[in-house]
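I have placed the structure first, in the form of structure tokens, so that the comments after it can refer back to it.
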Amino acid sequence: MSLTESIKIIKTAKESIHSANVGGCAQAKAIDEKFQKVMEKNVGFVQLQKISDIINGQNESMDGLPTDISSGDIPFFKFAPISSVDVERSFSKYKNILADNRRSFEFSNLKKYLIVQCNAQD
């Protein structure tokens, strides 16, 4: 899933939660407030939104992004996960790939193996 699609899902959920709060239900208000607090604390998500806007051509400014991210790095974020679950899962895969008993991988084979592992359905 692309970064843009992932962010769109989050924005849709945010709108749905907020519209449920309009009715005045106490539970909906509590959920909306909690969602807002979590999103305010998540500076990484704000940065991913800015990167998504750059990818989509809606913004060209790199303001607000970490200085170690260059304009050449932006295309690599096209399919960046918005949660750490996918990242943790990839670390587990890399740990298995780079185990001590796997020293005879040639780079070309390692590249192919990584593509297969990353595209495999869990």
Ser71 versus Glu15, label points 7 Å from Cα toward the beta carbon: distance in nm? 3.1
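Within region 73-103, report the trypsin sites (Lys or Arg not before Pro) that DSSP leaves as loop and that have at most 11 other Cβ atoms within 10 Å. Numbers along the way, then the final one.
Values: sites: Lys78, Arg89, Lys93, Lys95, Arg102, Arg103; in loops: Lys78, Arg102, Arg103.
Passing both the DSSP loop test and the Cβ count: Arg102, Arg103.
Local charge sum around Ile69 (other residues, Cβ-Cβ under 13 Å, Lys/Arg +1, Asp/Glu -1)? Numbers along the way, then the final one.
On the way: positive: Lys50; negative: Asp63, Asp68, Asp73.
Net charge around Ile69: -2.
All other residues with a Cβ under 11 Å from the Cβ of Ser2 taken together, and with Lys, Arg as +1 and Asp, Glu as -1, what is their net charge?
Details: positive: Lys8, Lys78; negative: Glu5.
That sum, taken over residues with Cβ under 11 Å, equals +1.
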At a 10 angstrom cut-off on C-beta neighbours, averaged per residue, how do the peptides 32-39, 1-8 rank from highest to lowest? 1-8, 32-39
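Can you give the charge dipole size of the chain about its Cα centre, rounded to the nearest 20 debye, using +1 on the beta carbon of Lys and Arg and -1 on the beta carbon of Asp and Glu? Working shown, then result.
Details: 16 positive and 15 negative charges, 82 e Å.
Around 400 debye, computed over the chain.
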For region 114-119, Karplus-derived ³J(HN,Hα) couplings (6.51, -1.76, 1.60; θ = phi - 60°; whole Hz; x for glycine and proline) come out as 4, 4, 4, 5, 6, 9
To the nearest Å, what is the center-to-center distance of region 5-26 and region 33-101, using C-alpha atoms only? 22
How tilted is helix 3-22 with respect to the longest principal axis of the chain? Cα atoms for both, answer in degrees (0 to 90, nearest 10). 20
Enter the accessible area per residue of the chain (Å², integer; probe 1.4 Å; all protein chains in place). 77
Residues whose built amide H sits under 5 Å from the amide H of Phe79, excluding neighbours closer than 5 in sequence, are Leu3
³J(HN,Hα), Karplus 6.51/-1.76/1.60, whole Hz, each residue of region 77-84, x for Gly, Pro: 8, 3, 10, 5, x, 9, 10, 7
Between Asn59 and Leu98, what is the label-point separation in nm under the 7 Å Cα-to-beta-carbon projection? 3.2
HN-Hα J couplings of region 54-61 from phi, Karplus 6.51/-1.76/1.60, θ = phi - 60°, integer Hz, Gly and Pro as x? 5, 4, 7, x, 7, 8, 10, 7
How much net charge surrounds Asp32 when only other residues with a Cβ under 11 Å from its Cβ are counted (Lys, Arg +1; Asp, Glu -1)? +2
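How much of the accessible area of the chain, in percent, comes from carbon and sulfur atoms when a 1.4 Å probe is used?
Numbers: 5140 of 9340 Å².
Whole-percent figure for carbon plus sulfur exposure: 55.
The values are calculated or read from the model by the stated rules, or taken from the named source; none is laboratory data. This structure is a prediction, so every number in the text was calculated from the model and none was measured. A quick note on method: Cβ atoms are made from the backbone with ideal geometry, for glycine too, and the neighbour counts reach across all protein chains shown. Surface areas here come from the heavy atoms of the whole protein model, side chains and all, with no ligands, DNA or RNA. Shrake-Rupley method; radii C 1.70, N 1.55, O 1.52, S 1.80 Å.
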